[in-house]
Amino acid sequence: MGDASTNAYHAFIKSYSSEIEAMRAAVDHAKVDVSLMIDTYALKQGLRNAIKVIKEFRSPRKTVKIIIDSGDLEAEAIYVRKELDREGLQDVRITLAGNLDEYKIAHFVRRRVPVNTCIVATEAQTSA
């Protein structure tokens, strides 16, 4: 189970009638930075939705981050970066979450996983 912030984001996505509608609302209301969690339902479809929304709302004022918090984070980050680059979205950042600790993050660094940020929440908040 993810931490409270990622659970809240999944709940935000699920509160709309569709994932893409929730993403549009998040980007529309964000003043500067916006994070789009793409694995609430299915990662590949979530990424397609995020790419569509990012292109619709493209603005130099907003920094966009993709958040992945479940599954094989290394493989998914590599896939997401490749797809974002293919779509000309090299400036979109990737954040990983989901039970991360210093050992998992060091693994990502050693393997040069294309990630900009890692969120350490669950492992830092509990006596794991």
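The values are calculated or read from the model by the stated rules, or taken from the named source; none is laboratory data. Only a predicted model underlies this, so the values are computations on that prediction, with no experimental measurement involved. Note: ideal-geometry Cβ built from the backbone for every residue, glycine included; neighbour counts use all protein chains shown. Heads up: the accessible areas ignore ligands, DNA and RNA and are worked out on the full protein's heavy atoms, side chains in. Shrake-Rupley method; radii C 1.70, N 1.55, O 1.52, S 1.80 Å.
Mind checking which residues of region 1-16 are modelled with pLDDT of 90 or more and outside any helix (DSSP H, G or I)?
Matches in region 1-16: Ser15, Tyr16.
Could we say that Val120 is under 17 Å from Tyr9 (Cα atoms), within 13 Å of the chain's Cα centre (by Cα), β-branched (Val, Ile, Thr) and modelled with pLDDT under 95 here? Full working, then the answer.
Values: under 17 Å from Tyr9 (Cα atoms): yes; within 13 Å of the chain's Cα centre (by Cα): no; β-branched (Val, Ile, Thr): yes; modelled with pLDDT under 95: yes.
Answer is no for this residue.
Just checking, how many residues over region 18-31 are in a loop (DSSP other than H, G, I, E, B) and under 11 Å from Phe57 (Cβ atoms)? Steps first, answer last, please.
Here is the first cut: in region 18-31, the residues in a loop (DSSP other than H, G, I, E, B) are 18, 30-31.
Still in the running and under 11 Å from Phe57 (Cβ atoms): 30.
Residues in region 18-31 being in a loop (DSSP other than H, G, I, E, B) and under 11 Å from Phe57 (Cβ atoms): 1 in total.
Testing His10 on (1) over 22 Å from Glu87 (Cα atoms); (2) open to solvent by 60 Å² or more (accessible area, probe 1.4 Å); (3) within 13 Å of the chain's Cα centre (by Cα), one condition comes back false. Which one is that?
Every listed condition holds for His10 apart from (2).
Given the options Asp33, Asp39, name the one that is touching a strand residue (DSSP E or B) at 6+ places or on another chain (Cβ under 7 Å) and modelled with pLDDT of 90 or more. Walk me through how you get there before you give the answer.
Working: Asp33 fails: modelled with pLDDT of 90 or more.
One residue alone meets the criteria, Asp39.
Considering every residue within region 17-25, establish whether at least one is hydrophobic (A, V, I, L, M, F, W, C), modelled with pLDDT of 85 or more and out of contact with any helix residue (DSSP H, G or I) (no Cβ under 6 Å at 6 or more places or on another chain).
Residues of region 17-25 hydrophobic (A, V, I, L, M, F, W, C): 20, 22-23, 25.
Imposing the further condition that a residue be modelled with pLDDT of 85 or more reduces the set to 20, 22-23, 25.
From what is left, the residues that are out of contact with any helix residue (DSSP H, G or I) (no Cβ under 6 Å at 6 or more places or on another chain) are 25.
Yes - at least one qualifying residue is present in region 17-25.
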